[in-house]
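S.K.: Before I ask anything, here is the structure I am working with.
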Amino acid sequence: MQTLLINIKELLQVRETTVDKVSGAEMAVLPTLKNAFLLLENDTIAAFGLMRDCPKIDADVTIDAKGKMVLPTWCDSHTHIVYAGNREQEFVDRINGLSYEEIANRGGGILNSAQKLNETSEADIYNQSKKRLEEVISQGTGAVEIKSGYGLTVEGELKMLRVIRKLAADYPITIKATFLGAHAFPLAYKENRSGYMDLIINEMLPKIAEENLADYIDAFLETGYFSVTETERIMEAGKKYGLRSKIHVNQFTAINGIAACVKHQALSVDHLEIVTDDDIEALKGSETMPVALPSCSYFISIPYTPARKMLNAGLPLALASDFNPGTTPSGNMNFVVATACIKMKMTPEEAINAATINGAYAMGINKTHGSITVGKKANVIITKPLNSYYELPYAFGSNHIEQVILNGTIVK
Ligand code: NIG
Ligand code: FE
């Protein structure tokens, strides 16, 4: 057995027992221990507590983090890390005045990435994507959800999901895969929407299920993309294969999509830049986690999710990166947490809860990830020396991470 003992200035997100998620006022509290120890055995958290109560053991590895913070690794529940090429030209086009919608209407946007993806080999997509995965690991992410959705053809979607599966096999980070065939209507189906719906439901889904390539199903429920009715068909079809839904919704417009997602027991509803009172009512008391993606709001200059309004209504909230080539070419969860504090007026406690325990819930791994709890995965971040954990979002441009441990092994 391999044991690793850390002596810590402040240990964050300590939970004696597993909690599913934290909501509303509970999110204001981030349980911590000052002058603490953390004991890891193989890939599992074995014990934690005050340093004065530390058992006298001769650990295989000891780490002195007396001036430092230790926290669970980030759980990034919404990304599109697997893609081909990039969209730098669209970035400059937006600077010069075009909107995201105008670029998409000219055949750019998701369709631009889909064309590149379909022209690129599986091996090449893997090599491009693994660099992004390695980068987010070094930035402290220990679990990540990755979507397909840039194939939009049977072969393209399968190719993306196979790359996700290979990444999951090759890297120590926990990965959940989401099938997002309903990301946009390909040009060939512009006048034949039901034809593309049939392709997703009757051809893509059965093959994906047969190869066991996805954990969840997603759709872009938005004006100009998938309607409420079309998204409900996708959610229904997913259920038949045991795939719960995680839906892109309310990014640009509110069209009563959230109530439909709650009705279908979606695990999460993501984006939520535009949120109405009815949307908040629909989410109250549900099992559906709202997920905000502040780096996307930052990058394409759209409103930020109204976190205060949602938390004050008693809802939980998770934070994720949305790492993708079009709206968020960054998977830096430190930046996500800082932006949530600076732009959405979340407190550091709320933002850290949102990026750890609630992120774990939003990707269905809350029993094993997202907090320092005995029995959970030994996935932790050790920071550089810090005054307090407020410094994490406060010094938003600094790299605060010194070491990252995944499954009990130091990976950075
Ligand atoms: O989450 N909104 C839909 N999908 C992605 C962006 C897609 C793209 O522009 O490539 C998102 O922002
Ligand atoms: Fe997204």
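S.K.: Please give the residues of the stretch 341-356, grouped as numeric ranges, whose backbone N is less than 18 Å from a label point set 7 Å along the Cα-to-Cβ vector of Ala313.
M.R.: 344-346
S.K.: Once you place label points 7 Å from the Cα toward the Cβ at Val29 and Lys240, how far apart are they in nm?
M.R.: The modelled label-to-label distance comes out at 4.6 nm.
S.K.: Explain nothing, just compute: Karplus ³J(HN,Hα) = 6.51 cos²θ - 1.76 cosθ + 1.60, θ = phi - 60°, for every residue of the stretch 84-93 in order, whole Hz, x for Gly and Pro.
M.R.: Values per residue, Gly and Pro as x: 10, x, 8, 10, 4, 5, 5, 4, 6, 4 Hz.
S.K.: Any of Lys263/Lys377; Lys9/Lys412; Lys116/Lys190; Lys66/Lys343; Lys34/Lys377 with alpha carbons more than 23 Å apart? Name them for me.
M.R.: Correct reply: Lys263/Lys377; Lys66/Lys343.
S.K.: Excluding same-chain residues fewer than 8 positions from Lys21, which aspartates and glutamates have a Cα within less than 19 Å of its Cα?
M.R.: Asp76, Glu145, Asp270, Glu281, Glu287, Glu349, Glu350
S.K.: Local charge sum around Tyr100 (other residues, Cβ-Cβ under 12 Å, Lys/Arg +1, Asp/Glu -1)?
M.R.: -3
S.K.: Let me ask something else about it. Relative to the longest principal axis of the C-alpha atoms of the chain, give the angle of the C-alpha long axis of helix 154-170, reported between 0 and 90° and rounded to the nearest 10°.
M.R.: 10
S.K.: How far is the Cα center of the stretch 27-98 from the Cα center of the stretch 225-303, in Å?
M.R.: For the stretch 27-98 versus the stretch 225-303, the Cα centre distance is 27 Å.
S.K.: Still on this structure, please answer the following. Stretch Tyr394-Thr229 to full length: gain in nm at 0.36 nm per residue minus the Cα-Cα span?
M.R.: 55.1 nm
S.K.: Rounded to the nearest whole Å³, what is the per residue volume of the convex hull around the Cα atoms of the stretch 247-377?
M.R.: So the per-residue hull volume is 105 Å³.
S.K.: Taking Cα pairs under 8 Å and at least six residues apart, what relative contact order does the chain come out at, in percent?
M.R.: Computed over the chain, the figure is 22 percent.
S.K.: Per residue of the stretch 35-46, in order, report the coupling 6.51 cos²θ - 1.76 cosθ + 1.60 (Karplus, θ = phi - 60°) as ³J(HN,Hα) in whole Hz, putting x for Gly and Pro.
M.R.: 6, 10, 10, 9, 10, 10, 10, 6, 9, 10, 6, 9
S.K.: Separate question: Determine the sum of side-chain charges near Thr276: Lys and Arg each +1, Asp and Glu each -1, restricted to other residues whose C-beta is under 14 angstrom from that of Thr276.
M.R.: Local net charge: -3.
S.K.: Let me ask something else. Quote the Stokes-Einstein diffusion coefficient, in whole µm² s⁻¹, for the chain, based on the Kirkwood radius over alpha carbon pairs, a temperature of 25 °C and a viscosity of 0.890 mPa s.
M.R.: 115
Bear in mind these aren't lab numbers, they're just calculated from the coordinates by the rules spelled out. The shown structure was predicted, so the numbers you read here are calculated from the model rather than taken from an experiment. All Cβ positions, glycine included, derive from the backbone under ideal geometry; neighbour counts span all protein chains shown.
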